[in-house]
Each structure stands twice: as C-alpha cells, then as structure tokens.
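The values are calculated or read from the model by the stated rules, or taken from the named source; none is laboratory data. It should be emphasised that the depicted structure is a prediction, and the values quoted were computed from it without experimental measurement. Every residue, glycine as well, gets a Cβ built from its backbone with ideal geometry; the counts of neighbours run over all protein chains shown. The area values use the complete protein model at the heavy-atom level, side chains included, leaving out ligands, DNA and RNA. Shrake-Rupley method; radii C 1.70, N 1.55, O 1.52, S 1.80 Å.
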Amino acid sequence: MTAGEVQRARAAHEERADRLNAPHRERKARGEKHPIEDFLHTYYPFSPGQLRRWHPGWQVGYEVSADAPLRDQGDVDSDGCRRWYRDVKDASSGTTGEVRTADLERFVRERGDAAMWIHRLLTNSSFAEKPGNFSCFGLHEWAMVYRLRPGEKRHESLPLRLGAEATNRVVEANRLVCSHIDAFRFFTPEAVPLNASHPTRERQPMRDDPACLHVGMDLYKWSMKLAPLLPSDIALDCFEHALDLRILDMEASPYDCRGYGYGVVPIETEEGKAEYVRRQRALAERSDALRLRILAVLDPLAPLFA
C-alpha cells in the first residue's frame with residue numbers, strides 16, 4: 001500500500017473506532033459508569049486507544065513513510081519503528097524503498113503458542129464442527145446471583161426484575177447447561193452443582209459452543225490478541241457484534257435494564273424463551289461469519305504455530 005492509501009485507510013478506521021468508543025470515553029470523562037455497555041471496556045483488557053490502532057493484516061505491506069506522522073504516539077516509537085512490525089525490501093509491492101509488514105517471525109516466536117491455541121478454539125467452536133446448543137436461555141446470568149444474600153448483587157445499579165426469591169425459583173425450575181468457563185466461573189457456590197457440566201480452561205478449546213453469547217463476545221478478545229496479523233476492520237466488526245450480544249445477554253438476565261433504555265426478554269416464560277432463541281440464532285450466525293473471517297486469515301499461518 002502507498003502512504004496515501006494507508007493514511008486514508010487509517011483515518012477511516014480511527015473515525016469508526018472513535019465513534020464506537022465515544023459513549024464510553026464521554027462517560028469516563030464525567031466519572032460515570034454504564035453497567036451494560038462498559039462491559040466490553042472493563043471485562044476485556046483493551047483500551048479505546050488499542051482498538052483505534054489500524055492494522056492492514058499480515059499479508060499486506062505498506063510504505064514506511066505512512067507512519068511518520070504517528071511517531072511518539074501509540075505503537076510507533078520516536079525512531080519510527082512500529083511494534084510487532086519489521087521493514088523489508090519488497091520490489092513487488094509497487095512502492096519504492098522498504099515496506100513495513102507484520103513481523104511474523106517475532107509473533108511466532110513470542111505468541112505462537114497462544115495463536116495456535118486460539119486457532120484451535122476458533123476451529124472447534126464453529127458450526128462446521130458442532131450444531132450449537134440453543135437451550136441455555138441465558139440462565140448463566142441468573143446463576144451468578146442465585147441465592148445471594150442482600151447486598152451481594154453483581155450489579156448494584158441494576159435491580160433484580162423479579163426480586164431475589166423469584167429469581168432463585170427461576171434457576172431451580174430450569175436446567176443449567178452453561179459450557180463457557182468465563183461465565184461458569186462467576187456462578188455462585190450454590191449454583192455450581194446445578195450445572196450440567198463443569199467447564200475448565202484446559203477443555204475450553206473443545207467445549208466452546210458456537211451458539212453461546214459469551215463465545216461470540218470473545219471473538220473481540222481473540223481478534224485483539226491476534227493483532228497485527230488480522231486486518232483491523234475485523235476487530236471493529238467483532239467489537240460492534242459483541243455489544244449486540246451483550247444487549248441480549250442483559251435483556252434476558254435477571255436484572256431490570258429498562259432504566260437504561262433496554263427491553264426485557266422474560267426467559268422465565270415460554271414466550272421469552274422463544275424470543276431468546278430467535279435472537280440467539282441470528283447472533284450466532286453473525287458470530288460464525290466473523291469466526292470464519294478470522295480463520296481465513298489464520299489458516300495459512302497454522303503450520304508456523306505448530
């Protein structure tokens with residue numbers, strides 16, 4: 001890519017990232033918190049600045065001079081070097097002099113094991129490998145407050161929609177089938193033995209379910225961890241998708257989110273369960289499309305990670 005092409009692509013990426021992050025940044029400046037939307041910024045360890053960084057993907061090289069305006073900003077040092085990149089001669093690129101590309105050799109050396117783990121997880125959690133479970137009904141959020149004592153709510157700013165006792169009865173009247181370790185690990189001690197299985201980190205690459213909302217949200221995490229190998233538009237698409245997943249996650253939760261402008265998916269009813277599955281299926285299809293886009297970039301590199 002020429003410097004001009006890079007600058008236009010980078011500007012478009014930064015503008016979109018700024019737009020997506022604006023509500024969070026504005027709330028943070030005012031000292032305010034949002035129990036639903038801030039999740040993507042607090043649970044996942046990536047700052048708005050990291051999401052704002054543009055990457056063309058490992059298959060693309062670009063003119064080194066395109067990074068000159070960014071020195072001393074973000075991931076470009078004062079000497080012009082960009083982290084996780086290297087400068088090489090490439091006469092076939094159509095540019096003059098050196099081109100900057102993702103440093104595959106360093107990535108494989110320092111992050112290869114993690115990339116291999118992510119590749120395995122994404123491959124095994126696709127609809128091509130398993131059908132997906134559409135019978136969880138978002139009850140993981142209910143299990144996180146099951147039989148908590150007064151004052152022990154996970155989200156103090158959100159009231160329980162049905163109250164504590166009725167919330168407990170919903171958990172007891174349904175079957176917990178959560179397979180995602182990062183949801184299961186927040187279950188209350190009383191809810192743990194009610195779950196159909198005990199997910200573990202070691203088994204996660206084989207257990208993550210393509211229909212699971214949290215597995216879909218995690219695509220944002222994996223896309224960020226794979227920078228700079230992935231084109232950064234994938235990370236922004238995963239971030240946007242994760243917010244949509246989070247909305248269903250909380251609308252179907254035991255919390256009353258209507259004070260923040262959200263609706264209710266009453267999964268304690270048959271109608272609510274049907275609505276949850278309908279929306280879950282649509283979101284799971286989007287998750288799988290994003291998963292396949294990530295794998296299309298990673299698959300050629302898999303032999304290097306092995």
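When the residues of segment 202-232 are filtered to those that are open to solvent by 30 Å² or more (accessible area, probe 1.4 Å) and assigned to a helix (DSSP H, G or I), the one that is farthest from Thr42 (Cα to Cα) is Met206.
Counting only residues that are aromatic (Phe, Trp, Tyr) and either under 24 Å from Phe239 (Cβ atoms) or not in a loop (DSSP other than H, G, I, E, B) (or both), segment 172-201 holds 2 of them. Pairs linking a residue in segment 293-304 that is at pLDDT 95 or above to a residue that is among the aromatic types (Phe, Trp, Tyr) and not in a helix (DSSP H, G or I), with Cβ atoms under 8 Å and 6 or more positions apart or on different chains, are Val297/Trp58; Leu301/Trp58. Scanning segment 203-254 for residues that are within 18 Å of Asp288 (Cβ to Cβ) and polar (S, T, N, Q) gives Gln204, Ser223.
Step by step: first the residues of segment 153-199, then only those that are of a type outside the set (A, V, I, L, M), farther than 21 Å from Tyr260 by Cα and over 27 Å from the mean Cα position of the chain (by Cα), then the one that is most open to solvent (accessible area, probe 1.4 Å). Which residue is that?
Here is the first cut: in segment 153-199, the residues of a type outside the set (A, V, I, L, M) are 153-157, 159, 161, 163, 165, 167-169, 172, 174-175, 178-180, 182, 184-190, 193, 195, 197-199.
Pick out the ones that are also farther than 21 Å from Tyr260 by Cα and you get 165, 168-169, 172, 174-175, 178-180, 182, 184-190, 193, 195, 197-199.
So of that shortlist, the ones also over 27 Å from the mean Cα position of the chain (by Cα) come out as 165, 168-169, 172, 174, 190, 193.
Values: Glu165: 116, Asn168: 11, Arg169: 141, Glu172: 90, Asn174: 42, Glu190: 88, Pro193: 94 Å².
Among those that are of a type outside the set (A, V, I, L, M), farther than 21 Å from Tyr260 by Cα and over 27 Å from the mean Cα position of the chain (by Cα), it is Arg169.
Every residue in segment 24-48 that is under 18 Å from the mean Cα position of the chain (by Cα) and either of a type in the set (Asp, Glu) or part of a helix (DSSP H, G or I) (or both), please. Those that are under 18 Å from the mean Cα position of the chain (by Cα) and either of a type in the set (Asp, Glu) or part of a helix (DSSP H, G or I) (or both): His24, Glu37, Asp38, Phe39, Leu40, His41, Thr42, Pro48. Of the residues making up segment 240-270, those that are in a helix (DSSP H, G or I) and open to solvent by less than 10 Å² (accessible area, probe 1.4 Å) are His241, Ala242, Leu245, Arg246, Leu248, Asp249, Met250. Candidates are the residues of segment 17-36 that are surrounded by 18 or more Cβ atoms within 10 Å (Cβ to Cβ) and touching a residue at least 40 places away in the same chain (Cβ under 8 Å); the one that is nearest to Pro228 (Cα to Cα) is Ala17.
Among the conditions (1) among the aromatic types (Phe, Trp, Tyr); (2) open to solvent by less than 50 Å² (accessible area, probe 1.4 Å); (3) modelled with pLDDT of 95 or more, the only one that Trp84 does not satisfy is (3).
Identify all residues within segment 278-306 that are closer than 15 Å to Pro231 by Cα and open to solvent by less than 20 Å² (accessible area, probe 1.4 Å); write none if there are none. Leu290, Arg291, Ile294, Leu295, Val297, Leu298, Leu301 - these are the residues of segment 278-306 that are closer than 15 Å to Pro231 by Cα and open to solvent by less than 20 Å² (accessible area, probe 1.4 Å). Scanning segment 128-152 for residues that are in a loop (DSSP other than H, G, I, E, B) and crowded, with 17+ Cβ neighbours inside 10 Å returns Gly132, Cys136, Phe137, Gly138, Met144, Val145, Tyr146, Leu148.
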